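The values are calculated or read from the model by the stated rules, or taken from the named source; none is laboratory data. Keep in mind that this is a model prediction, so the values were computed, not measured. No Cβ is skipped: glycine too gets one built from the backbone with ideal geometry, and neighbour counts run over all protein chains shown.
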């Protein structure tokens with residue numbers, strides 16, 4: 001993204017455009033597909049950063065912007081709210097952005113649920129199940145449509161099956177219904193099925209998604225060394241320590 005686009009996007013989002021400039025900007029959004037896609041990408045990225053970083057990071061960014069603004073505007077005549085950057089100022093701005101981005105990532109390097117939520121596919125119907133709802137649950141789960149998968153699971157006739165409980169619980173975690181997911185995962189964990197150790201792993205991931213780090217670490221330590229997910233559990237445990 002070039003500097004002119006960056007400045008224009010920032011001014012538009014902060015309501016720092018003159019009325020005629022805003023009209024021209026919105027007209028271009030309507031007519032220029034590439035411009036519109038770049039704008040939405042920039043907007044989503046800044047929103048993501050705003051939601052992700054702590055209040056401390058936000059204060060840092062505010063102070064940095066204040067310093068930058070004062071530096072760039074010193075001795076300049078303010079003819080409008082839109083700042084006219086000179087080429088050398090672009091380099092300084094780029095350096096500030098790079099520094100701020102590096103600082104953010106250094107402060108927010110903890111592992112996340114999404115780093116470990118690569119679920120195996122469900123294959124209920126290939127083993128002879130004839131429940132229509134179960135077929136739908138399988139298909140929705142494999143398509144990552146977890147909300148629809150949950151609804152289909154809840155219509156099935158055999159949710160006492162540890163395999164179904166396991167996949168149902170994953171779909172519940174994906175839809176942030178953690179309490180219900182953990183009820184089913186604990187039931188599987190206390191059983192003797194092949195999903196016993198996997199349930200422990202997903203209980204840990206459920207807590208990771210909720211940012212319950214101490215609970216997550218405790219569960220990771222319970223994953224046995226002969227479990228399929230042992231290496232991943234050890235890797236995650238190391239990253240959390």
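Structure values in brief
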| quantity | calculated |
| --- | --- |
| Residue 237 surrounded by 22 or more Cβ atoms within 10 Å (Cβ to Cβ), free of Cβ contacts under 8 Å to residues at least 40 places away in the same chain and under 18 Å from residue 113 (Cβ atoms) | no |
| Conditions (1) modelled with pLDDT of 90 or more; (2) surrounded by fewer than 18 Cβ atoms within 10 Å (Cβ to Cβ); number of the one not met by residue 128 | (1) |
| Test: residue in the range 197-211 that is over 24 Å from the mean Cα position of the chain (by Cα) and in the same structural domain as residue 143 (by TED's automatic domain parsing) | yes |
| Residue check, residue 159 crowded, with 23+ Cβ neighbours inside 10 Å and either without any contact (Cβ under 8 Å) to a residue 40 or more places away in the chain or in contact with a strand residue (DSSP E or B) (Cβ under 6 Å, 6 or more places away or on another chain) (or both) | no |
